[in-house]
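Chemist: One structure is given below, represented as structure tokens, and several questions about it will come after.
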Amino acid sequence: LGASSGRVVRLIVRQGLGRAALGIALGTGIALLLVRPMAPIMFGVAPADPASFAGVTILLLGVAFLATAVPALVAARVSPLEVIRAE
């Protein structure tokens, strides 16, 4: 209440991307641990291919950004007075 729309968007996006980055870091660590047992079934890709890991990381961060930015922009457009009246 009382924050500018830009601050609301930044807050929501920052929190969402922080959680996504934590999940991606944990998932990457687990994937690196499990990649050696899966090496025999992987064809045409090195088990710990840096390009694959980087590509997936960038893709997931992009999806997380869109998944947080779109609702944040919608929330920033709503008048605080309308929210209070709805409560």
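The values are calculated or read from the model by the stated rules, or taken from the named source; none is laboratory data. Computed from a prediction, not measured in an experiment: that's the story for all the values here. Methodologically, a virtual Cβ is constructed for each residue, glycine included, from the backbone with ideal geometry; neighbour enumeration extends over all protein chains shown. Heads up: the accessible areas ignore ligands, DNA and RNA and are worked out on the full protein's heavy atoms, side chains in. Shrake-Rupley method; radii C 1.70, N 1.55, O 1.52, S 1.80 Å.
Chemist: Relative to the longest principal axis of the C-alpha atoms of the chain, give the angle of the C-alpha long axis of helix 5-38, reported between 0 and 90° and rounded to the nearest 10°.
Modeler: Computed tilt is about 20 degrees.
Chemist: If you roll a 1.4 Å probe over the heavy atoms of the protein chains, what accessible area per residue do you get for the chain, in Å²?
Modeler: Ligands and nucleic acids excluded, the result is 76 Å² per residue.
Chemist: Sticking with this one: Give me the percent of accessible area attributable to carbon and sulfur for segment 1-60, probe 1.4 angstrom.
Modeler: It is 72 percent, rounded to a whole number.
Chemist: So what are the ³J(HN,Hα) numbers for segment 64-79, from phi and the Karplus equation (6.51, -1.76, 1.60; θ = phi - 60°), rounded to whole Hz, Gly and Pro as x?
Modeler: Computed from phi, the couplings for segment 64-79 are 5, 4, 5, 5, 9, 5, 4, x, 5, 5, 5, 5, 6, 7, 7, 6 Hz.
Chemist: Sticking with this one: Give me a comma-separated list of calculated 3J(HN,Hα) values for segment 43-54, in order, Karplus coefficients 6.51, -1.76, 1.60 applied at θ = phi - 60°, integers in Hz, x for any Gly or Pro.
Modeler: 10, x, 9, 5, x, 10, 5, x, 5, 5, 5, 5
Chemist: Working out 0.36 nm times the residue gap between residue 61 and residue 86, then minus their Cα-Cα distance, what length gain in nm do you get to one decimal? Don't jump to the answer; show the numbers that get you there.
Modeler: Values: separation 25, 0.36 × 25 = 9.00 nm, distance 3.35 nm.
Working it through step by step, the gained length comes to 5.7 nm.
Chemist: A further question on this structure: What distance in nm lies between label points placed 7 Å from Cα along the C-beta direction at residue 79 and residue 26?
Modeler: 4.1
Chemist: What is the spin-label model distance, in nm, from residue 19 to residue 48 if the labels are put 7 Å beyond Cα along the C-beta direction?
Modeler: 3.1
Chemist: Cα atoms only, the chain: Rg and Dmax in Å?
Modeler: Radius of gyration, then largest Cα-Cα span, for the chain: 19.1, 61 Å.
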